[in-house]
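The structure under discussion appears below in the form of C-alpha cells.
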C-alpha cells in the first residue's frame, strides 16, 4: 500500500499495478522473451562454426524445440565429424605415400586440398540454403540428422 498524502491521494509519480488480464496498448512490441533469431538465421548459424554452433543451438531453449533448427544443428555436427574423419584419413594416407614414393604422395596432398575445398564449398552451400529456408539433405548424414530432429 503506498503512502497516502494529504487528503487520501497517492503521492505524485505513483503508478498502480495494472489489473489482472490487462494486455497493454494495441501495437505494443512483444515481450523480450519472444524476440530472437528467425528460424532461417538460426539454421544458417548452425553451420557457422560447425560442432560448436550445432551444439549451442541444440542447447538454447527456443531453438532446441524447432525441428528445422534441430535438423540443421544435427546435420552440421555430423557433417563436421565426417569432414574430420575424411581429412585425417587422407592426411594419414598422404603421409604414408610420401614415405614410400614422394611423387605419388604429392598427388595425395593434392587430393587433400581438393577434399578441403569441397568441404568448404559444401559448407557455404549448406549455410546459404539454410538461410533461404531450403532443406538440403546430405547423403548418409541427412537421414541421420532427420532421425535426431
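Please treat every number below as a calculation from the coordinates, not as lab data. Fair warning: this is a prediction, and the values are worked out from it, not measured in the lab. Counting neighbours? That spans all protein chains shown, and the Cβs are built from the backbone with ideal geometry, glycine included.
For this structure, a couple of remarks:
- Radius of gyration and Dmax over the Cα atoms of region 40-148, both given in Å: 16.3, 54
- The residue 107 and residue 128 beta-carbon pair, evaluated with R₀ = 25 Å, returns a calculated FRET efficiency of approximately 0.20.
- Sites residue 137 and residue 100, calculated FRET efficiency, Cβ-Cβ separation with R0 25 Å, nearest 0.05: 0.05
- Taken along the Cα-to-beta-carbon direction at a fixed 7 Å, the label points for residue 39 and residue 60 span 1.7 nm.
- Note on residue 48 and residue 147: the model spin-label points, each 7 Å out from Cα along the C-beta direction, lie 3.0 nm apart.
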